[in-house]
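Notes follow the structure.
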Amino acid sequence: MMTRLAALLLIILCFFLLPDRFIEPPPIANSWLTTGDEQHLLEKQQAKLFQDDKQDKPTIYIDKDETYQQMEGFGAAMTGSSAYLLEHKLTTQERDTLFQDLFTDSGIQLSYLRHTIGASDYSVDDTGNPSSYTYADQQGTPEDPLQHFSIAPDQTVMNMLKQAKISNPELQLMGTPWTAPPWLKYGEPTYNGSYLNYTDQRTYEIYADYFIQYLKAYQEEGLPVDMLSVQNEPQFETAAYPSMSMGATEQQYFIQHFLGPAIQDADLETAILAYDHNWENSKDYAETVLNGVSDYTAGTAYHCYAGNPEDAEEIHQLHPDKGIYFTECSGGAWSENFGDNLSWLMDQVIIGTTRNWAKTVLLWNLALDETGGPTNGGCTNCRGVVTIDSQTSSIKKNVEYYALGHISKFVQPGAKRISSTQLPQIATVAFYDASKGETILLAANSGNSSQTFQLSEGKHYLQYTLPPQSAITFTWKDAA
C-alpha cells in the first residue's frame with residue numbers, strides 16, 4: 001500500500017515540478033510565402049515548431065484577448081465582362097478547374113462576390129460587345145411603372161454566380177447599381193451620368209421597388225443577395241459609361257423613407273451599405289447618411305482610388321456600431337512590376353483595410369482578357385484577378401490572385417481580427433478563428449532588403465526571415 005501511495009505522490013510532485021513546456025507543448029506553425037521575384041507564389045513552407053528561447057530580434061506579439069471586427073469575406077466582382085470570359089472563352093473543364101482554384105480550399109477559397117445591378121463599365125452582350133442596360137429600360141404604365149422589369153440581361157452573370165456557389169456553397173453576394181433606369185433620371189433619359197428626378201417624389205418610391213424586385217428575382221434564382229450598396233461611386237458621373245450621381249442628403253433621404261422600409265416590409269435580410277466610393281473625402285458623406293439612417297444601414301463601403309485606408313478609421317470612431325466594408329480596387333497596366341504591386345496591395349488593401357476595421361476585402365474584375373477588356377466605356381488598361389486570353393483560353397493568375405489568397409484562403413467568415421504589433425519594416429494583421437482554434441498572422445515586407453523577426457505565442461517564439469517585397473501567412477492551432 002505504501003509503495004502505491006509513494007508512487008502516486010511522486011507522480012503528483014513531478015507534475016508540478018515539470019517545466020511549462022511539458023504541460024503546454026509549443027505550437028507548430030504552417031506558413032505560405034509569396035515573394036516579389038515570383039519564385040514563391042503562395043507556396044507552402046516547411047512547418048516550424050515554436051521555441052522556448054526568446055531571441056534579441058524585433059518581435060510581433062499576438063493578443064487573442066484583444067478583438068476587433070468579425071470578418072465577412074474576401075473576393076472580387078463578377079462583372080459582365082468577367083462572366084462573359086468565363087462562360088464563352090473557357091471549356092467546361094477549364095472553367096471547373098479555375099473555379100476550384102478561386103472558390104475552394106484547394107485554391108484561395110474566395111468567399112464573397114460583388115456584381116453590378118444592371119450594366120457597368122464592364123458589361124457586354126453574348127458576343128462580347130459593349131452593352132448598357134437596366135432591368136427596366138422601358139417605362140411601364142402609371143399604375144405599374146415596372147411592368148417590363150426583367151433580370152434576363154444578367155443571365156450570363158447569374159450562370160457564373162451559380163457555378164461559383166456550387167464551388168463554394170457559403171459564398172456571399174453583394175449587389176451595386178451603376179445607374180437607375182434612364183427614365184427615372186432628371187432631364188433627357190440616359191444611362192451615362194445625370195441623377196434621379198428629384199422633382200417627382202414618386203421617383204424614389206419606384207426606385208425602391210426596383211431594388212425589391214431585383215432582390216426577389218435573384219433570390220428566386222437561388223442567388224440571395226447578402227449586401228446592397230445604393231449607388232456605385234455616388235460622387236462621380238461620366239458620359240463615358242453607366243453612372244449616376246447621388247448626394248449624401250439624397251442618399252440618406254432615399255434609404256430613410258423608401259429603400260430601408262421597403263426591404264423591411266418585404267421581409268428581406270439584405271443589408272444596406274452607404275457611400276461605396278473612395279476613402280478620400282468620405283467622412284462628411286458617410287456621416288450624413290449614417291446619422292440619418294442608422295437603423296437601416298449596416299455600414300459604409302470604400303474604394304481605393306483616392307485617399308488611404310486610415311480615412312475609414314474616422315467613420316468607425318464616429319459610428320463604432322456600424323461596419324466598414326472595402327468593396328473595390330483594381331490593378332492595371334500602369335503598374336506591372338509584381339513585387340511593387342504585391343507590396344502595395346498588402347500595405348494598403350489586404351493589411352491596410354483590415355487593420356482599419358474592414359469586414360470585407362473585394363477587388364474589382366474577377367477576370368479580364370489580355371487587353372484589359374472587354375469593356376463598356378470604362379478603364380482601358382485595368383487588370384483582373386486572373387487574365388483569360390480571349391484567343392488561346394490560357395489563364396494567368398495575377399498578383400491580385402496571390403495577394404487575395406494570403407487572406408481569403410486562411411481567414412474564413414466569422415473569424416475575428418485580433419491584436420498584432422506592427423514593426424517598422426513589417427506590416428501585420430492577425431485573426432483568430434474560434435471554430436478551428438486557429439490563429440492566422442499575415443506579415444508583409446515591402447522594403448528592398450530581407451527582414452528578420454520573431455513571433456511571440458505566449459512563452460513560445462518563432463524566428464523568421466522574410467525576403468524583400470514579400471508576404472507570408474502563418475497559421476497555428478491552440479495547444480491541445
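The values are calculated or read from the model by the stated rules, or taken from the named source; none is laboratory data. Quantities reported herein were computed from a predicted structural model and do not represent experimental measurements. Using ideal geometry, Cβ is built from the backbone for each residue, glycine included, and neighbour counts are taken over all protein chains shown.
Just the residues that are hydrophobic (A, V, I, L, M, F, W, C) and assigned to a strand (DSSP E or B), please, taken from region 295-333.
Pass one, region 295-333, residues hydrophobic (A, V, I, L, M, F, W, C): 298, 301, 304, 306, 312, 315, 318, 324, 326, 329, 333.
If the condition is that a residue be hydrophobic (A, V, I, L, M, F, W, C) and assigned to a strand (DSSP E or B), then Ala298, Ala301, Ile324, Phe326 are the ones that fit.
Show the residue pairs meeting these rules: Cβ distance below 7 Å; 6+ apart or different chains; first residue within region 384-407 and free of Cβ contacts under 8 Å to residues at least 40 places away in the same chain; second residue surrounded by fewer than 24 Cβ atoms within 10 Å (Cβ to Cβ) and hydrophobic (A, V, I, L, M, F, W, C).
What qualifies is Lys396/Val386.
Answer with yes or no whether Gln231 is farther than 22 Å from Asp144 by Cα, in contact with a strand residue (DSSP E or B) (Cβ under 9 Å, 6 or more places away or on another chain) and buried (at least 22 other Cβ atoms within 10 Å of the Cβ). Walk me through it before giving the result.
Details: farther than 22 Å from Asp144 by Cα: yes; in contact with a strand residue (DSSP E or B) (Cβ under 9 Å, 6 or more places away or on another chain): yes; buried (at least 22 other Cβ atoms within 10 Å of the Cβ): yes.
Yes.
For Leu215, which of the numbered conditions (1) farther than 30 Å from Thr97 by Cβ; (2) in contact (Cβ under 8 Å) with a residue 60 or more places away in the chain; (3) among the aliphatic types (A, V, I, L, M) fails to hold?
It fails just one condition, (2).
Identify, please: which residue in region 269-310 is free of Cβ contacts under 8 Å to residues at least 40 places away in the same chain and of a type in the set (Phe, Trp, Tyr) and is, among those, farthest from Thr360 (Cα to Cα)?
By that ranking, first place goes to Tyr305.
Output the qualifying pairs, or none if there are none: Cβ atoms under 7 angstrom, residues six or more apart or on different chains, first residue in region 76-91 and without any contact (Cβ under 8 Å) to a residue 40 or more places away in the chain, second residue surrounded by fewer than 24 Cβ atoms within 10 Å (Cβ to Cβ) and of a type outside the set (Ser, Thr, Tyr).
none
Scan region 190-225 for residues that are assigned to a loop (DSSP other than H, G, I, E, B) and farther than 14 Å from Ser243 by Cβ and report the count.
Here is the first cut: in region 190-225, the residues assigned to a loop (DSSP other than H, G, I, E, B) are 190-191, 197-201, 221-225.
Filter once more, so that each one left must be farther than 14 Å from Ser243 by Cβ: 197-201, 221-225.
Here the count works out to 10.
Does region 25-38 hold any residues that are within 18 Å of Glu336 (Cβ to Cβ) and assigned to a loop (DSSP other than H, G, I, E, B), and which are they?
If we filter region 25-38 for residues that are within 18 Å of Glu336 (Cβ to Cβ), which is where we start, we get 34-38.
Those that are within 18 Å of Glu336 (Cβ to Cβ) and assigned to a loop (DSSP other than H, G, I, E, B): Thr35, Gly36, Asp37, Glu38.
Test Thr465 against the stated conditions and say whether it is outside the structural domain of Arg114 (by TED's automatic domain parsing), within 19 Å of Ala29 (Cβ to Cβ) and without any contact (Cβ under 8 Å) to a residue 40 or more places away in the chain.
Numbers: outside the structural domain of Arg114 (by TED's automatic domain parsing): yes; within 19 Å of Ala29 (Cβ to Cβ): yes; without any contact (Cβ under 8 Å) to a residue 40 or more places away in the chain: yes.
Answer is yes for this residue.
Could you list, in sequence order, all residues of region 239-268 that are assigned to a loop (DSSP other than H, G, I, E, B) and in contact (Cβ under 8 Å) with a residue 12 or more places away in the chain?
Narrowing region 239-268 to residues assigned to a loop (DSSP other than H, G, I, E, B): 239-242, 246-247, 266-268.
Passing the criteria: Ala239, Ala240, Tyr241, Pro242, Met246, Gly247, Ala266, Leu268.
Going through Gly140, Gly128 one at a time, which residue ends up being in contact with a helix residue (DSSP H, G or I) (Cβ under 7 Å, 6 or more places away or on another chain), modelled with pLDDT of 95 or more and assigned to a loop (DSSP other than H, G, I, E, B)?
Of Gly140, Gly128, the one residue that is in contact with a helix residue (DSSP H, G or I) (Cβ under 7 Å, 6 or more places away or on another chain), modelled with pLDDT of 95 or more and assigned to a loop (DSSP other than H, G, I, E, B) is Gly128.
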